[in-house]
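Before any comments, here is the structure.
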């Protein structure tokens, strides 16, 4: 994207929009976790849309001129018709659209719904769940007429998509949520660009991350030992200095891009994979399967099958944050 497009919109105070689609809201909290930096953000930008924090309406955005929003930080996956509509609207109104967090960049945890169909999900939630009491078999309707008018709900999609699968995305800030220190670095860089007329990074740049893997950021010793079984973190007392994967604790570090600072693994918690696949890796789950294959202490197919069977919820673990952008995309019927 040419920097002139940005510069033309910089005559006045730059405008910032933040939006929350299909996600848990942690990305919104991460912005606040920048502490005093959030005051700098509010001082430098004119925050013109942040419905999570302030009273804004969709019609406020619809009334804006196209490309009048300098920067939009869009978090959350595209799960329903409302998510899609607002993604298209904010793309139309924004100079720069940023996929903010794992759900926007890769589908995130909401995209694990792609392991089931929409009908299977609705059947369980409204009929089969042990916590559900629904004797009349009521399901939500997208439109319902009442005396006061028509009540409407978004249409739930069968497939959860990443932001980049429905609109053009300029930049990605990964993480679940993005680390506050990385958010601060990105904000400082954006402010510097806007203040001093510097060129924007190449389109498609992943901000707040680098080309290494989480393993490269991890301080633990790696001796390429072979493992005989997988265990869950609560089942063992892990050696605080040795690679978690080599202790049989499933850690996504080999298949996850660097940028978080290795905070989880250095605290004794295995990497979950929230920063997405490293550069030049097409499928995070396939990369993790390859990494596991390199540490199994057997070549016997039956033993391999038994050992792999000890991994709980392999699909949900390997694709916890990247299902939408994986080669699988979703389970086929």
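Residues are listed down the side, and each one gets a yes or a no for (1) in contact (Cβ under 8 Å) with a residue 12 or more places away in the chain; (2) outside any loop (DSSP other than H, G, I, E, B); (3) in contact with a strand residue (DSSP E or B) (Cβ under 6 Å, 6 or more places away or on another chain); (4) surrounded by 14 or more Cβ atoms within 10 Å (Cβ to Cβ):
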{"residue": "88", "(1), (2), (3), (4)": "yes, yes, no, no"}
{"residue": "114", "(1), (2), (3), (4)": "yes, yes, yes, yes"}
{"residue": "125", "(1), (2), (3), (4)": "no, yes, no, yes"}
{"residue": "133", "(1), (2), (3), (4)": "no, no, no, no"}
{"residue": "136", "(1), (2), (3), (4)": "no, no, no, no"}
{"residue": "160", "(1), (2), (3), (4)": "yes, yes, yes, yes"}
{"residue": "172", "(1), (2), (3), (4)": "yes, yes, yes, yes"}
{"residue": "178", "(1), (2), (3), (4)": "yes, no, no, yes"}
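Note on region 200-310: enclosed helices (runs of 4 or more DSSP H) holding 1 or more residues that are under 29 Å from residue 182 (Cβ atoms) are 214-217, 263-266, 284-293. Counting the residues of region 68-86 that are within 13 Å of residue 17 (Cβ to Cβ) and crowded, with 18+ Cβ neighbours inside 10 Å gives 8.
Let's see how each residue does on (1) loosely packed, with under 14 Cβ neighbours inside 10 Å; (2) modelled with pLDDT under 90; (3) under 23 Å from the mean Cα position of the chain (by Cα); (4) in a helix (DSSP H, G or I):
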{"residue": "6", "(1), (2), (3), (4)": "no, yes, no, yes"}
{"residue": "16", "(1), (2), (3), (4)": "no, no, yes, no"}
{"residue": "47", "(1), (2), (3), (4)": "no, no, yes, no"}
{"residue": "52", "(1), (2), (3), (4)": "no, yes, yes, no"}
{"residue": "66", "(1), (2), (3), (4)": "yes, no, no, no"}
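Taken across region 296-308, residues that are in contact with a strand residue (DSSP E or B) (Cβ under 7 Å, 6 or more places away or on another chain), surrounded by 13 or more Cβ atoms within 10 Å (Cβ to Cβ) and over 22 Å from residue 233 (Cβ atoms) do occur, with at least one present.
State whether one or more residues within region 186-193 are free of Cβ contacts under 8 Å to residues at least 24 places away in the same chain, closer than 25 Å to residue 332 by Cβ, in a helix (DSSP H, G or I) and over 23 Å from the mean Cα position of the chain (by Cα). For region 186-193, residues free of Cβ contacts under 8 Å to residues at least 24 places away in the same chain, closer than 25 Å to residue 332 by Cβ, in a helix (DSSP H, G or I) and over 23 Å from the mean Cα position of the chain (by Cα): absent.
The values are calculated or read from the model by the stated rules, or taken from the named source; none is laboratory data. Given the structure is predicted, the values throughout are model-derived calculations rather than measurements. Reconstructed Cβ throughout: ideal geometry from the backbone, glycine too, with neighbour counts over all protein chains shown.
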